[in-house]
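A.B. asks: Dropping a structure here in structure tokens format, bear with me for questions.
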């Protein structure tokens, strides 16, 4: 009897103990993992990236700003009977000079863009009101007698500016930087006036006269700008343009009370510098 109770029992094999422990704890571990997973909040789905803005389309808009015009004036007095050749040469020299003028500019534009990758190219036309008047008055001088004063004035006026320009630029989403160049149009009027206080023996009487000319001018323009799309349909732009036109000529006559005359001629060129901002509605 005593041998039965006192006889040592065999020790369990380590692998058997490990298997038993694994079987007992596995359901608990799986249940805990499942419970922890159930308690974790669901990860929010990533928001889709916003679409990159596309500049392709046509638009209309309005603009406003300022412009400066500049003209180089020349005077030529042909031989005649009122002014001697020496006096005609003095008047011609003193009637030559340059002058600038600046004023408000405003109007509208329309165009279309096409985008390929980051490259944007298009065509734009605009028509702006721009009244400029460059006026040159010769410095005080006298005719060859040294005492008879004379005055020469020249002016050039415009009332509008129009351009038709291809544009090409690089887009960075809603920003567009571009360069542009094309043809420019305006209508200019050129007026030249002359007056002196001559009398005998220099001339029979004081002389006065004028020369006029008007012309529709075609020139070229080039510049650069930046445009930003603050909505899918509305954009804002700022740009600079330089425009150069041809020469306009004027002709007339100087005469005095004695019927003596000289034909005067005037000429003027025209350049413009434009800074303006505008808004466009893209269809």
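Values quoted throughout were computed directly from the atomic coordinates according to the rules given, and no laboratory measurement underlies them. Keep in mind that what you see is a predicted model, and the values were worked out from it rather than measured. FYI the Cβ positions are ideal-geometry reconstructions off the backbone, even for glycines, and counts take in every protein chain you see.
A.B. asks: For the stretch 106-140, which residues satisfy the criterion of being touching a strand residue (DSSP E or B) at 6+ places or on another chain (Cβ under 7 Å) and within 27 Å of residue 74 (Cβ to Cβ)?
C.D. replies: Selection gives 130, 131, 132, 133, 134, 135, 136, 137, 138, 140.
A.B. asks: Pick out the one residue from 240, 228 that is over 20 Å from residue 73 (Cβ atoms), without any contact (Cβ under 8 Å) to a residue 40 or more places away in the chain and surrounded by fewer than 22 Cβ atoms within 10 Å (Cβ to Cβ).
C.D. replies: Result: 240 is the single residue among 240, 228 that is over 20 Å from residue 73 (Cβ atoms), without any contact (Cβ under 8 Å) to a residue 40 or more places away in the chain and surrounded by fewer than 22 Cβ atoms within 10 Å (Cβ to Cβ).
A.B. asks: Still on this structure: Which members of the stretch 133-167 meet the condition of being surrounded by 19 or more Cβ atoms within 10 Å (Cβ to Cβ), under 26 Å from residue 271 (Cβ atoms) and more than 18 Å from the chain's Cα centre (by Cα)? Talk me through it step by step, then tell me what you get.
C.D. replies: Going through the stretch 133-167, the residues surrounded by 19 or more Cβ atoms within 10 Å (Cβ to Cβ) turn out to be 134, 136, 138, 143, 150, 152, 154-156, 158, 161, 163, 165, 167.
Checking the rest, the ones that are also under 26 Å from residue 271 (Cβ atoms) come to 134, 136, 138, 152, 154-156, 158, 161, 163, 165, 167.
Of everything in the stretch 133-167, those that are surrounded by 19 or more Cβ atoms within 10 Å (Cβ to Cβ), under 26 Å from residue 271 (Cβ atoms) and more than 18 Å from the chain's Cα centre (by Cα) turn out to be 134, 136, 138, 152, 154, 155, 156, 158.
A.B. asks: Are there any pairs with C-beta distances below 9 angstrom linking a residue in the stretch 208-223 that is crowded, with 19+ Cβ neighbours inside 10 Å to a residue that is not in a strand (DSSP E or B), with the two at least 6 apart or on different chains, and if so which?
C.D. replies: Correct list of pairs: 209/82; 209/263; 211/263.
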